Amino acid sequence: MIIGKVVGSIVSTRKNDNLIGSKFMVVEPCKNMAQSRFVAVDNVGAGIGEIVLVATGSAARIGCNMEHSPIDAAIVG
């Protein structure tokens with residue numbers, strides 16, 4: 001799990017069929033994390049400037065109920 005701040009959004013005109021209707025957000029991890037910004041699927045309706053909890057890996061797919069989708073990071077809280 002990663003705690004971060006939503007700093008932007010991304011629009012994708014072409015994507016995997018399992019991701020149609022999903023919103024993508026750019027997340028910046030908290031200062032103490034040695035990780036750069038990344039893209040996460042937004043499953044909770046987060047907005048720019050909000051602090052969020054992000055699941056990564058297989059937990060991201062399970063947390064979104066999208067086990068067969070190519071998701072590596074998902075905003076879950």
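The values are calculated or read from the model by the stated rules, or taken from the named source; none is laboratory data. This structure is a prediction, so every number in the text was calculated from the model and none was measured. All Cβ positions, glycine included, derive from the backbone under ideal geometry; neighbour counts span all protein chains shown. Side chains are part of the model used for accessible areas, which takes the heavy atoms of the whole protein and leaves out ligands, DNA and RNA. Shrake-Rupley method; radii C 1.70, N 1.55, O 1.52, S 1.80 Å.
Leaving ligands, DNA and RNA out of it, report the carbon-plus-sulfur percent of the accessible area of the chain at a 1.4 Å probe.
Reported share for carbon and sulfur atoms: 51 percent.
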Notebook entry, point to check: Extension gain ASN32-LEU53, at 0.36 nm per residue separation less the Cα-Cα distance, in nm?
Noted result: 6.1 nm
Next item on the list: With a 1.4 Å probe and every protein chain left in place, work out the accessible area per residue of the chain in Å², rounded to a whole number.
Entry: 62
Check: Once every DSSP H run of n ≥ 4 in the chain is given -39500 (n - 2.57) and the sum is divided by its residues, what mean residue ellipticity at 222 nm do you get, rounded to the nearest 500 deg cm²/dmol?
Finding: -2000 deg cm²/dmol
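In percent, what relative contact order does the chain have, based on Cα pairs under 8 Å that are 6 or more apart in sequence?
Contact order relative to length: 33 percent.
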Notebook entry, point to check: Taking the Cα centre of the chain as the origin and placing charges on Cβ (Lys, Arg +1; Asp, Glu -1), which of ILE71, PHE24, GLY8 is farthest toward the positive end of the dipole?
Noted result: GLY8
Checklist line | Computed log₁₀ I(q)/I(0) - Debye formula, equal Cα scatterers, no solvent, the chain, q 0.19, 0.20, 0.21 Å⁻¹ | finding: -0.72, -0.79, -0.87
Note to self: With the alpha-carbon atoms as the only input, what is the per residue convex hull volume for the range 32-77 in Å³?
What the structure shows: 82
